[in-house]
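Worksheet: the structure to be examined is printed underneath.
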Amino acid sequence: METDTAPPANRLLQAGAYALAGIVSVAFLYPYWWMLVSAFRSTRAIMDSPLRLLPERFDLSILSGISNIGGVPLLRYIVNSIGITAVSTLLSVAVTALGAYALTRRPKLPGFTVLRYGFLVTIMYPYMLLVIPVYLVMFKLGLLGTYAGIILFLALGPIQFFLFEQFFRKIPGEVIEAAIIDGASEAQVLFRVVLPMAAPITATVALITFLLNWAQWFPILVISKTPDTYTLPVALLAMNTELGSNFQGIMALSVITTLPVAVLFLAAQKRVMDGMASGAVKG
Amino acid sequence: MTTTMETVWHNRIFYLFVLPFAVLTILFGVWPIVLSIIVSFTASATALRPSPTYVGLANYAAILADPAFLASLLRTFLYTALSVAANLSFAFGMAVLLDSALLRHGNLFFRLALFLPVVTPDVAGYVVWRWLFDRSFGAMNAFLDLAGLPEFAGLTTATTAMLSLLIAELWHHAGFYMIIFLANLSIRDRALEEAAQIDGATRGQIWRFVILPQLKPAFIINVVYALIQFLKTFTVVVVMTKGGPNEATNFVSYYAYQLFDQGRYGEATAMASVLFVLVIAISLTLYRLGDRESS
């Protein structure tokens with residue numbers, strides 16, 4: 001209905017709908033604003049007026065206050081976050097795409113059903129409680145305290161598997177048969193026919209995996225032996241747990257932890273929201 | 001007639017494709033779970049030795065006789081029930097609002113505002129909420145004061161601490177449930193609604209008999225996801241309350257983790273098994289229910 005010609009009752013209803021959606025959105029976004037403003041304000045100033053909408057002055061002096069957290073330079077946490085997230089994302093996409101493809105193309109091969117169930121059981125196991133025995137496994141494999149251990153553990157995830165599986169199931173059998181009749185080997189079918197078709201879903205999976213792995217903290221904390229392998233969220237948690245905590249520094253570190261993924265999400269929001277919705281619908 | 005070995009050899013390329021996935025699933029999924037179940041049958045003090053002492057169901061008996069564990073389990077159920085109800089009704093309400101023709105302009109902004117917390121690292125989000133609720137720093141009480149409303153005790157009393165966690169988690173998760181509802185709403189058959197309207201159905205009847213039945217998939221998925229999500233509540237406790245005040249927010253995952261931290265491996269893994277069985281039983285029951293309805 002056109003709003004200009006709508007009867008007054010509808011106009012009122014519409015105003016109410018906008019007001020409600022507006023209030024909820026502001027409430028959801030306010031924590032970001034408060035975090036950002038607090039990162040520029042001294043603890044003293046925040047205690048005096050917690051609601052101030054703009055900082056007294058803009059300066060980045062707090063960055064020198066958190067240039068070293070728990071004996072490790074801030075830069076190292078940033079590099080760890082980028083490196084661990086990027087490598088585990090690439091690995092996750094490659095491993096899950098190949099695995100989901102094989103399990104979808106030939107579900108009845110000996111061992112494949114068992115593997116599928118093994119995977120489904122794994123993702124249903126309470127994650128934080130799985131991480132604890134994973135500590136023992138990492139110890140036995142000699143991977144405790146290593147980047148390799150962290151990256152390998154982060155490479156496995158349910159939504160990645162479901163998105164690929166859902167996509168591979170929808171590929172018409174004729175497309176693959178035609179390629180095989182033309183003399184393509186199974187490897188050629190995968191790399192020349194299927195994967196090029198899968199480029200958009202691969203991008204979606206990569207994006208979602210990056211966002212999810214950037215946020216990971218518990219497995220990284222458990223597998224790490226020292227803060228040298230911590231990522232930003234783990235460093236933030238460590239800083240938040242300290243007594244007599246540096247409030248302004250915590251807010252600044254929260255901003256640094258949140259900003260990259262917020263920007264990435266806003267740049268690719270449709271892909272992320274559609275992907276997460278359809279990955280869940282399968283799950 | 002081909003033997004199993006021949007089938008495997010003939011399809012070796014597929015085994016090659018699946019190998020890395022299988023290795024990761026076994027090393028970091030199946031093996032730790034099996035290990036965890038084995039440890040739950042051993043005496044904690046010997047659990048990590050090469051030949052541990054097996055104690056049968058003693059750990060399970062011990063946790064079921066532990067009033068703190070039972071209290072924690074009850075608390076987890078209560079929190080889960082409240083959170084599932086709050087998150088899903090909020091998400092459903094917002095989805096219906098954002099799906100309506102009333103909000104055609106600026107719709108994307110509202111969706112982004114509600115979904116941004118889903119991709120925000122949970123530690124960062126909960127850290128900010130922890131301080132928002134703080135009595136001397138927080139914006140929450142300053143705002144209530146400004147509006148002339150009574151003070152909110154936040155993380156300092158039992159009831160308000162649980163409520164605070166619920167609010168912070170709703171902020172983090174509700175956007176996800178909302179987009180599932182929105183996706184389902186957008187694929188519904190609108191012709192049915194027009195037909196019902198022509199037949200003289202009221203708005204309420206259309207919702208009750210035409211729209212809601214079509215939203216069953218979203219409801220089932222969301223209920224399963226939310227139940228699993230809140231039964232496992234952990235990060236928000238670590239960041240905001242550490243189980244306090246006075247154990248008021250000490251849910252099963254956190255309690256099990258505390259025991260593990262104290263070296264009580266047998267009991268901790270027994271708790272993990274209990275939670276695991278609960279999660280599996282709930283998801284299977286609900287999926288069966290959903291499958292039977294849709295087939």
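Model label sites at residue A:140 and residue A:203, defined 7 Å from Cα along the beta-carbon direction, differ in position by 4.2 nm. Which of the three applies to region B:1-139, rounded, prolate or oblate, going by the alpha-carbon gyration tensor with a ≥ b ≥ c and a/c under 1.5 meaning rounded? It comes out oblate by the Cα gyration axes. Residue by residue along B:136-146, Cβ atoms of other protein chains within 10 Å of the local Cβ number 4 on average. Backbone amide hydrogens, once placed in the peptide plane, bring residue B:42 within less than 5 Å of B:55, excluding anything fewer than 5 places away on its chain.
Compute a Gaussian network model of chain B, connecting alpha carbons closer than 10 Å, and tell me which residue from B:231, B:144, B:132 fluctuates the most. Of the options given, B:144 has the highest mean-square fluctuation.
Mean-square fluctuation check for chain B, GNM, Cα pairs under 10 Å: which of B:83, B:283, B:72 is largest? Result: B:283 has the largest fluctuation of those listed.
Placing dummy labels 7 Å off each Cα toward the beta-carbon, the span from residue A:195 to residue A:27 is 4.8 nm. When chain B is treated as a Gaussian network with alpha carbon springs shorter than 10 Å, the biggest mean-square fluctuation among B:192, B:259, B:215 belongs to B:192. Placing +1 on each Lys and Arg Cβ and -1 on each Asp and Glu Cβ, with no other charges, gives region A:28-102 a dipole about its Cα centre of roughly 60 debye.
Count, for each residue of A:225-237, the Cβ atoms from other chains sitting within 10 Å of its Cβ, then give me the mean as a whole number. That works out to 2 on average. Peptides A:44-55, B:117-128, ordered by how many other C-beta atoms sit within 10 Å of their residues on average, highest first, read B:117-128, A:44-55. If the chain linking residue A:185 and residue A:75 were pulled fully straight, counting 0.36 nm for each residue of separation and taking away their Cα-Cα distance, it would gain 34.9 nm. What whole-number distance in Å separates the alpha-carbon centres of region A:129-187 and region A:82-126? Taking the Cα centre of region A:82-126 as reference, the centre of region A:129-187 is 3 Å away.
Seen from residue A:221, the other residues with C-beta closer than 14 Å to its C-beta sum to a net charge of -2, counting Lys and Arg as +1 and Asp and Glu as -1. Relative to the longest principal Cα axis of chain A, at what angle does helix A:8-38 sit, 0 to 90 degrees, rounded to 10? The angle comes out near 80 degrees. Residue by residue through region B:5-10, which ³J(HN,Hα) values in whole Hz follow from phi under the Karplus form 6.51 cos²θ - 1.76 cosθ + 1.60 (θ = phi - 60°), with glycine and proline marked x? Karplus-based 3J(HN,Hα) across region B:5-10 equals 4, 5, 4, 4, 5, 4 Hz.
How high is the relative contact order of chain A, in percent, with contacts defined as C-alpha pairs under 8 Å that are six or more residues apart?
Once normalised by length, the contact order is 30 percent.
Centre-to-centre separation between the Cα atoms of region B:71-134 and those of region B:219-242: 12 Å. Computed packing ranks the peptides A:213-225, A:78-90, A:262-274 as A:213-225, A:78-90, A:262-274, most packed first, by mean other Cβ atoms within 10 Å.
Axis angle, to the nearest 10 degrees, between helix A:127-141 and the longest C-alpha principal axis of chain A: 70 degrees.
Backbone phi angles across region A:99-111, fed through the Karplus curve with coefficients 6.51, -1.76 and 1.60 (θ = phi - 60°), yield HN-Hα couplings of x, 5, 5, 4, 5, 7, 5, 10, x, 9, 4, x, x Hz in residue order; Gly and Pro are listed as x.
Counting Cβ atoms of other protein chains within 10 Å of each residue's Cβ and taking the mean over peptide B:210-222 gives 1. Give the calculated FRET efficiency between residue A:47 and residue B:82 to the nearest 0.05, with a Förster radius of 35 Å applied to their Cβ-Cβ distance. Between residue A:47 and residue B:82 the formula returns 0.60. Residue by residue, region B:104-117 carries 3J(HN,Hα) couplings of 5, 8, x, 4, 4, 4, 5, 4, 5, 4, 7, 8, 3, x Hz when phi is fed to the Karplus relation 6.51 cos²θ - 1.76 cosθ + 1.60 (θ = phi - 60°); x denotes Gly or Pro. Summing +1 for each Lys or Arg and -1 for each Asp or Glu among the other residues whose beta-carbon sits under 13 angstrom from that of residue B:67 gives -1.
First check a/c for chain B, with a ≥ b ≥ c the square roots of the eigenvalues of its C-alpha gyration tensor; if it is under 1.5, answer rounded, and if not, answer prolate when a/b is larger than b/c or oblate otherwise. Display every interim value, and only then the final one.
On the way: a/c = 2.14, a/b = 1.18, b/c = 1.82.
Here chain B falls in the oblate category.
Note on residue A:120 and residue B:49: the model spin-label points, each 7 Å out from Cα along the C-beta direction, lie 4.0 nm apart. The mean sequence separation of alpha-carbon pairs under 8 Å and at least six residues apart, normalised by the residue count of region B:67-294, gives a relative contact order of 27 percent.
Looking at this model, which pairs from A:225/B:242; A:108/A:270; A:270/B:232; A:270/B:242; B:216/B:242 are more than 26 angstrom apart at the alpha-carbon? In this structure, A:108/A:270; A:270/B:232; A:270/B:242; B:216/B:242 lie more than 26 Å apart at Cα. With R₀ fixed at 41 Å, the C-beta to C-beta distance from residue A:82 to residue A:54 puts the FRET efficiency at about 0.85.
Sorting the segments B:156-162, A:92-98, A:194-200 by their mean number of nearby beta carbons within 10 angstrom, highest to lowest, gives A:92-98, B:156-162, A:194-200.
Shape class of chain A from the alpha-carbon gyration tensor: oblate, with a/c at 1.5 or above and b/c at least as large as a/b. At an R0 of 25 angstrom, the distance between the Cβ atoms of residue B:38 and residue B:284 translates into a FRET efficiency of 0.60.
Computed from the coordinates by the stated procedures, all read-outs in this text should not be read as laboratory data. Small disclaimer: the values here were computed from a predicted structure and weren't measured. Methodologically, a virtual Cβ is constructed for each residue, glycine included, from the backbone with ideal geometry; neighbour enumeration extends over all protein chains shown.
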